[in-house]
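> Here it is: the structure, laid out below.
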Amino acid sequence: MAIGWTLAPVYFVLEVGMDPLQLVLAGTFMELAYFLFEVPTGVVADSYSRRVSVIVAQAIMGISFVVTGLVTSVPLILAAAALMGFGWTFKSGAIDAWLADEVGQERLGREYQRGAQVARIFTLVGIGAAVALALVDLRLPIIAGGLVLLALGAFLVFAMPESEFEPATREDVSALRSMTGTAKRGGRLVWARPILLLITGITFFGGMWSESVDRLWEAHFLTDIGVPEFAGFSSIVWFGVLNAVAVVLAVVVAQPLSRHFARANWRAMTWSLFALDAVMLGATLAFAFAVSFAAAVIAYWGICVARSLAAPIYSTWLNANIEDSSVRATVISMTNLGDSAGEWGGGPALGLAGNAYGIRAALAAGGAALAPALVLYGLALRRGDERSTFDILPQAEA
């Protein structure tokens, strides 16, 4: 993913010539496809196989990357983005449900933290490869990212186990009622757990925020801040350096905290997510209004580190609130719809604001969207006090 995504927005701006609205629309098309297919593919994963669902996701996302790198037409790029969103739905929910079943709830927090550190390290490798390839041609890292995902899918066919999952019986699989029943049970669980509704709301506002930052941060540097000429660095090298340093900072900061996060109870995780979202809000506003390259870089790194730390905590936190393993992927998919709705619902408005008032305004509006999420975290903490099932997460081993 790092090979394909690191410099894709630079390609969109410099080679394709996309404006802020078109950049955001790429995310909107991806999220619309995600929104439409997230729950159905989650139900399929719970009914048939989470392993197969994850493998299919790698293939579809790989094809999307390859198509994106081969075309310069905005409509085709938007179509490829929609294909990426469709492919992502096969992975979203399924990978978390698969992991929870394979390792068990008691080890889940530790495994998320370990996985996040491994991902950060290999993100560095991907960033380096992306920069090296982009210096030859900006399209190459996007195409290469797709080929790596296709290779990963082939590898997982032989290497990915699935020993704890119990698929629907042959009689049920032959009928639509199995998937319908799974969807209904997942829906009832979400509605019966107010905390899951709050989580959905939090992801909605987080989606609005991420759409502004993910689609516009490179354009902000290129058009508003400016990239300095230093040691002959091109913008390609600068963006590689910015991303690489962000990952290194996340690794350094996460290392002493990972054991604490892995052993945290439900309340501690909620407070941690509240604090990290507050940091992301403040850093996004600082980034939006930064007038110097140094200030913008520091704010951007703050966003990246806080976001990287929050991701494994959130995954553990969400899984802790899903007691029925048979609908885990479906419930995760349902809560993830909040993020998708926030992105495709708020993205076009932010893109229009960027075209009309500038990228700074769009980024500031996206940052402000995180404020309601902080309120919902407060409500979640109150709900946690009322329900004994939320008091503590099973402790991981030291």
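The values are calculated or read from the model by the stated rules, or taken from the named source; none is laboratory data. These figures come from a predicted structure and were not determined experimentally. So basically every Cβ, Gly included, is an ideal-geometry build from the backbone, and we count neighbours across all protein chains shown. Please note that ligands, DNA and RNA were not included when accessible areas were found on the heavy atoms of the full protein model with its side chains. Shrake-Rupley method; radii C 1.70, N 1.55, O 1.52, S 1.80 Å.
> How many residues does region 75-102 contain that are open to solvent by 30 Å² or more (accessible area, probe 1.4 Å) and either of a type outside the set (Asp, Glu) or at pLDDT 95 or above (or both)?
Counting residues in region 75-102 that are open to solvent by 30 Å² or more (accessible area, probe 1.4 Å) and either of a type outside the set (Asp, Glu) or at pLDDT 95 or above (or both) gives 11.
> OK, next. On the given criteria, is Phe65 modelled with pLDDT of 90 or more, crowded, with 20+ Cβ neighbours inside 10 Å and assigned to a helix (DSSP H, G or I)? Break it down into steps so the answer makes sense when it comes.
Values: modelled with pLDDT of 90 or more: yes; crowded, with 20+ Cβ neighbours inside 10 Å: yes; assigned to a helix (DSSP H, G or I): yes.
Considered against the rule, which asks whether it is modelled with pLDDT of 90 or more, crowded, with 20+ Cβ neighbours inside 10 Å and assigned to a helix (DSSP H, G or I), Phe65 comes out as yes.
> Which is under 24 Å from Ala341 (Cα atoms) and in a helix (DSSP H, G or I), of Ala246, Ala250, Ala219? Give the derivation first.
Numbers: Ala246 fails: under 24 Å from Ala341 (Cα atoms); Ala250 fails: under 24 Å from Ala341 (Cα atoms).
Going through Ala246, Ala250, Ala219 in turn, just one is under 24 Å from Ala341 (Cα atoms) and in a helix (DSSP H, G or I): Ala219.
> Of the residues Ala290, Ala294, Ala286, only one is crowded, with 16+ Cβ neighbours inside 10 Å, out of contact with any Phe, Trp or Tyr (no Cβ under 7 Å at 6 or more places or on another chain) and either without any contact (Cβ under 8 Å) to a residue 40 or more places away in the chain or among the polar types (S, T, N, Q) (or both); which? Walk me through how you get there before you give the answer.
Values: Ala290 fails: either without any contact (Cβ under 8 Å) to a residue 40 or more places away in the chain or among the polar types (S, T, N, Q) (or both); Ala294 fails: crowded, with 16+ Cβ neighbours inside 10 Å.
Sole residue among the options that is crowded, with 16+ Cβ neighbours inside 10 Å, out of contact with any Phe, Trp or Tyr (no Cβ under 7 Å at 6 or more places or on another chain) and either without any contact (Cβ under 8 Å) to a residue 40 or more places away in the chain or among the polar types (S, T, N, Q) (or both): Ala286.
> Let me ask another. Please work out if Val71 is under 18 Å from Gly153 (Cα atoms) and either in contact with a Cys (Cβ under 9 Å, 6 or more places away or on another chain) or at pLDDT 90 or above (or both). Talk me through it step by step, then tell me what you get.
Numbers: under 18 Å from Gly153 (Cα atoms): no; either in contact with a Cys (Cβ under 9 Å, 6 or more places away or on another chain) or at pLDDT 90 or above (or both): yes.
No: the conditions fail for Val71.
> Working carefully through the options Gly109, Gly145, find the one that is assigned to a helix (DSSP H, G or I), in contact with a Phe, Trp or Tyr (Cβ under 6 Å, 6 or more places away or on another chain) and open to solvent by less than 30 Å² (accessible area, probe 1.4 Å). Break it down into steps so the answer makes sense when it comes.
Working: Gly109 fails: in contact with a Phe, Trp or Tyr (Cβ under 6 Å, 6 or more places away or on another chain).
On inspection, the qualifying residue turns out to be Gly145.
> Moving to a separate point now. Considering only residues that are charged (D, E, K, R) and farther than 27 Å from Trp238 by Cβ, look in region 10-41 and name the one that is least open to solvent (accessible area, probe 1.4 Å). Outline the logic, then answer.
Of all residues in region 10-41, those charged (D, E, K, R) come to 15, 19, 31, 38.
Then keep just the ones that are farther than 27 Å from Trp238 by Cβ; that gives 31, 38.
Numbers: Glu31: 15, Glu38: 0 Å².
So, considering only residues that are charged (D, E, K, R) and farther than 27 Å from Trp238 by Cβ, the one least open to solvent (accessible area, probe 1.4 Å) is Glu38.
> Right, something else. If the requirement is being at pLDDT 85 or above and crowded, with 18+ Cβ neighbours inside 10 Å, which of these qualifies: Ala244, Ala262, Ala275, Ala254?
On the way: Ala262 fails: at pLDDT 85 or above; Ala275 fails: crowded, with 18+ Cβ neighbours inside 10 Å; Ala254 fails: at pLDDT 85 or above.
Only one candidate passes the filter, namely Ala244.
> Of the residues Val24, Val13, Val44, which is among the aliphatic types (A, V, I, L, M) and at pLDDT below 80?
Details: Val24 fails: at pLDDT below 80; Val13 fails: at pLDDT below 80.
Val44 is the lone residue from the list that is among the aliphatic types (A, V, I, L, M) and at pLDDT below 80.
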